[in-house]
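The values are calculated or read from the model by the stated rules, or taken from the named source; none is laboratory data. Everything quoted here is computed from the prediction, not taken from an experiment. We place every Cβ from the backbone using ideal geometry, glycine too, and count neighbours over all the protein chains shown. Just so you know, the surface numbers come from the protein's heavy atoms only, side chains and all, with ligands and any DNA or RNA stripped out. Shrake-Rupley method; radii C 1.70, N 1.55, O 1.52, S 1.80 Å.
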Amino acid sequence: EWPSFSNDKKAVVTLGAFDGMHLGHQAVIKRVVELAHQHDAFSVVILFDPRPAFVHGWAASHHGEEPAVQNVDAEALTSVDDRLHRMEQFGVDHVLVVHYTLAFAAMSYIFFLGRLTGKLGMRTLVLGQDAAMGKGREGDVKHIANLAAELDVVDDRGPGEVRIPRDFKPEAPSEWGEPVDPLANATKAERRAWSKKNQAKAMRAWSSTNVRYLLAHGRIQDANAILGAPHAIEGEVVHGEERGRTIGFPTANLGSDIAGYIPVDGVYAGWLVDGENRWPAAISIGTKPTFSEKTGLNERVVEAYCITEEWIDLYDHKVHVEFVGFLRPQVKFDGPDQLVDELKRNVEETKRLTA
């Protein structure tokens, strides 16, 4: 069902999953709000949930079935709540959350544009450069413009293209410190060879896929540059095995229901955020052998050591964990003394990165 906002006031509209709310998404949404103010119209975002890529990917690997409510999209960068919060910060008037299904995906873009005009009073549609909508993604910018629809196209691609392996998997860095771009100083010939070896495809720099790729390889600072803010996950603090407390490093352990994309295994510098309170934190991420039916992946462990003089009781609190840099891979130490020495170094590096 379509909501009715006003019979007299028009709407400036955009639509998409907006996963990650990166700088490209922000450019589109800011343009929607700007045009709405210019024309005394409503700013409206139509937000798809779950992500279309998740729905189509699930159907392709499950004999055409759609994901059930209990199936968690572990590839989503941000939760719907996070996206709604960011859109509110940008001054969007209305967000319509549309449950994305295969039946919805099969709609003609022409039919859908008609509904936007007839039901929402759309005066302008704002889209990114390579946006596409409707059955078979036939409604690209060129086809929509041919319908004489009032279309405003935003350059949301960022600084050129990057190349990303087609079916990349998370790969933890083996060295200490923030990983660098493997193609940073490569020649054209080296780039071609790397792309061929990794079956890489060209993709715009400002894309959710690129952010996911960077986080899956520990490149936090490069990902944050595209997001325009530290990448964050959210979860509830639960009781862990409390081994950290025995060596003087008590950690806040997140439960298994974590919203947001968990970076590759390793130790990170970042922040633990509880409401208005923020503490620098050394964050450890690891993988359990236990398999999760919700995500279809192995369970992940996220522990954050708050760098503070006071004892903080965060049990049962819903907290944000923000990432600002990669410190080191997960390694096995010879004994507790070596582990404690390394953790002390991690704390000092975290203080430096969050100063």
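Residue under question is His22, and the condition is that it be open to solvent by 10 Å² or more (accessible area, probe 1.4 Å) and out of contact with any Cys (no Cβ under 7 Å at 6 or more places or on another chain); does it hold? Spelling it out, it is not the case that His22 is open to solvent by 10 Å² or more (accessible area, probe 1.4 Å) and out of contact with any Cys (no Cβ under 7 Å at 6 or more places or on another chain).
For the stretch 275-290, a tally of residues being under 25 Å from Pro173 (Cβ atoms) and open to solvent by 60 Å² or more (accessible area, probe 1.4 Å) returns 4. Please enumerate the residues belonging to the stretch 16-40 that are aliphatic (A, V, I, L, M) and either assigned to a loop (DSSP other than H, G, I, E, B) or within 15 Å of Glu150 (Cβ to Cβ) (or both). The answer is Ala17, Met21, Val32, Leu35, Ala36.
Matching residues to (1) surrounded by 15 or more Cβ atoms within 10 Å (Cβ to Cβ); (2) part of a strand (DSSP E or B); (3) of a type in the set (Gly, Ala, Ser):
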position: Val321; (1), (2), (3): yes, yes, no
position: Leu327; (1), (2), (3): yes, yes, no
position: Gln330; (1), (2), (3): no, no, no
position: Asp334; (1), (2), (3): no, no, no
position: Val340; (1), (2), (3): no, no, no
position: Asn346; (1), (2), (3): yes, no, no
position: Glu349; (1), (2), (3): yes, no, no
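When you scan the stretch 226-235, do you find a residue that is open to solvent by 20 Å² or more (accessible area, probe 1.4 Å) and either without any contact (Cβ under 8 Å) to a residue 60 or more places away in the chain or among the small types (Gly, Ala, Ser) (or both), even just one? Yes, the conditions are met somewhere in the stretch 226-235.
Within the set Trp206, Trp279, Trp271, the sole residue that is among the hydrophobic types (A, V, I, L, M, F, W, C) and assigned to a loop (DSSP other than H, G, I, E, B) turns out to be Trp206.
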